[in-house]
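Take a look at the structure below.
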Amino acid sequence: MGEKKDDREDGQEEIESVMKAMEGEGQEQGGDNHIPSLKAVVAGIRASYDKQIAAALAQIYDLRDARRAAVEKTEKRMIHKAMKECHWRTDRASEMLGVSAVTLWRKARQYEVKR
């Protein structure tokens with residue numbers, strides 16, 4: 001969380017320094033000529049933050065996919081073990097696992113659990 005605050009402070013400092021530099025330019029040129037360039041700076045900062053957000057989302061999706069793969073692998077092993085211990089009777093294996101027989105049948109089919 002401290003990292004986000006530092007990033008915001010860096011961005012704020014960058015905006016303030018650009019605005020100060022532009023104030024001098026605007027006074028020399030005598031007008032609001034600095035406004036378009038300020039918009040460009042803000043757009044650049046937004047683009048930078050958009051890239052950071054996209055990178056963070058990519059990491060989240062990678063973690064989510066890894067978690068899903070680990071859960072599927074564990075479910076497959078547990079189903080196979082329960083079915084084997086119950087001599088491939090789905091009604092007994094489903095009781096052992098605490099799920100309905102239909103759910104067990106669907107998961108066994110999904111993970112291609114075979115004898």
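Just so you know, all these numbers are worked out from the coordinates, no wet-lab data involved. These numbers were taken from a predicted model, which means no experiment stands behind them. Here the Cβ positions follow ideal geometry from the backbone for every residue, glycine too, while neighbour counts run over all protein chains shown.
Tabulated results
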{"read-out": "Order by protection proxy (mean Cβ within 10 Å, highest first), peptides 104-113, 41-50", "value": "104-113, 41-50"}
{"read-out": "Label-point separation, Glu16 to Arg89 (7 Å along Cα→Cβ), nm", "value": "7.5 nm"}
{"read-out": "Under 11 Å, Cβ to Cβ, from Tyr111 - net charge with Lys/Arg +1 and Asp/Glu -1", "value": "+4"}
{"read-out": "Length gained when the stretch Ala47-Ser100 is fully extended (0.36 nm per residue, less Cα-Cα span)", "value": "14.1 nm"}
{"read-out": "Gain on full stretching of the segment that runs from Glu112 to Arg77 - 0.36 nm per residue minus C-alpha separation", "value": "11.5 nm"}
